[in-house]
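One structure below.
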Amino acid sequence: MRRQRQRDTSPELLTRRLIHSLGHRFRIHNRDLPGSPDLANRARRWAVFVHGCYWHQHPGCPRATVPKRNREFWTQKFQDNRQRDLRKEQQLRDLGFSVLTVWECETEDLDALRGRLERELPS
Ligand SMILES: [Zn+2]
């Protein structure tokens, strides 16, 4: 019997496939850029972060919950995460990059996400 291989449906891979299918080329895990964007194209000056809604506290998202225990600690920690994200995005913009954040929950509606990326990714 042939083993069925589990297809990776992580938000990052879904986003990569989608952007690739739109004809864009990019590198992944760009450690030499501020915030190490998940995808980036230096020549065209764009960078994409794929963020988990929980850890990066997607504003208004039902997944962006705060644990009831140690609430103060987590609130502070999430705030620090968010501040750091915004700082890195600004550093990239200062370098002339367009910066897009793709939220985990957006990868559940790939048609809508495709439309957004088509509009917002510089070609
Ligand atoms: Zn979300």
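Restricting to segment 39-81, count the residues that are away from the ligand (no atom under 16 Å from the Cβ) and within 25 Å of G96 (Cα to Cα).
Taking segment 39-81 as the starting set, the residues that turn out to be away from the ligand (no atom under 16 Å from the Cβ) are 39-47, 67-77, 79-80.
Now drop any that are not within 25 Å of G96 (Cα to Cα), which leaves 39-47, 80.
Here the count works out to 10.
Can you name every residue in segment 73-95 that is open to solvent by less than 50 Å² (accessible area, probe 1.4 Å) and either touching a residue at least 40 places away in the same chain (Cβ under 8 Å) or assigned to a loop (DSSP other than H, G, I, E, B) (or both)? Before the answer, list the steps.
To start, the set of residues in segment 73-95 that are open to solvent by less than 50 Å² (accessible area, probe 1.4 Å) comprises 78, 81, 85, 89, 92.
Matches in segment 73-95: D85, E89, L92.
Being farther than 24 Å from L13 by Cα and open to solvent by 60 Å² or more (accessible area, probe 1.4 Å): is that true of E118 here?
Numbers: farther than 24 Å from L13 by Cα: no; open to solvent by 60 Å² or more (accessible area, probe 1.4 Å): yes.
Taking the combined requirement at face value, the residue does not satisfy it.
Residues to consider are S98, S21; find the one that is surrounded by 14 or more Cβ atoms within 10 Å (Cβ to Cβ), more than 16 Å from the ligand (Cβ to nearest atom) and modelled with pLDDT of 95 or more. Before the answer, list the steps.
Values: S21 fails: surrounded by 14 or more Cβ atoms within 10 Å (Cβ to Cβ).
Matching residue, one of S98, S21: S98.
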Problem - Tabulated pairs, segment 34-63, first without any contact (Cβ under 8 Å) to a residue 24 or more places away in the chain, second outside any loop (DSSP other than H, G, I, E, B) and surrounded by fewer than 20 Cβ atoms within 10 Å (Cβ to Cβ), C-beta under 8 angstrom, 6+ apart or interchain - result: N41/R27; R42/R27
Exercise for the section: For segment 35-72, enumerate the residues that are closer than 11 Å to E104 by Cβ, of a type in the set (A, V, I, L, M, F, W, C) and open to solvent by 50 Å² or more (accessible area, probe 1.4 Å). Expected result: W55
Practice task
For segment 68-80, state whether one or more residues are of a type in the set (A, V, I, L, M, F, W, C) and within 29 Å of R45 (Cβ to Cβ).
Solution key: no
Exercise for the section: Tell me, yes or no, whether segment 5-13 has at least one residue that is without any contact (Cβ under 8 Å) to a residue 60 or more places away in the chain, within 14 Å of the chain's Cα centre (by Cα), on the phi > 0 side of the Ramachandran plot and more than 16 Å from the ligand (Cβ to nearest atom). Expected result: no
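The values are calculated or read from the model by the stated rules, or taken from the named source; none is laboratory data. Fair warning: this is a prediction, and the values are worked out from it, not measured in the lab. Glycine also receives a Cβ, built like all others from the backbone with ideal geometry; neighbour counts cover every protein chain displayed. Protein only, heavy atoms only, side chains kept; ligands, DNA and RNA dropped before computing areas. Shrake-Rupley method; radii C 1.70, N 1.55, O 1.52, S 1.80 Å.
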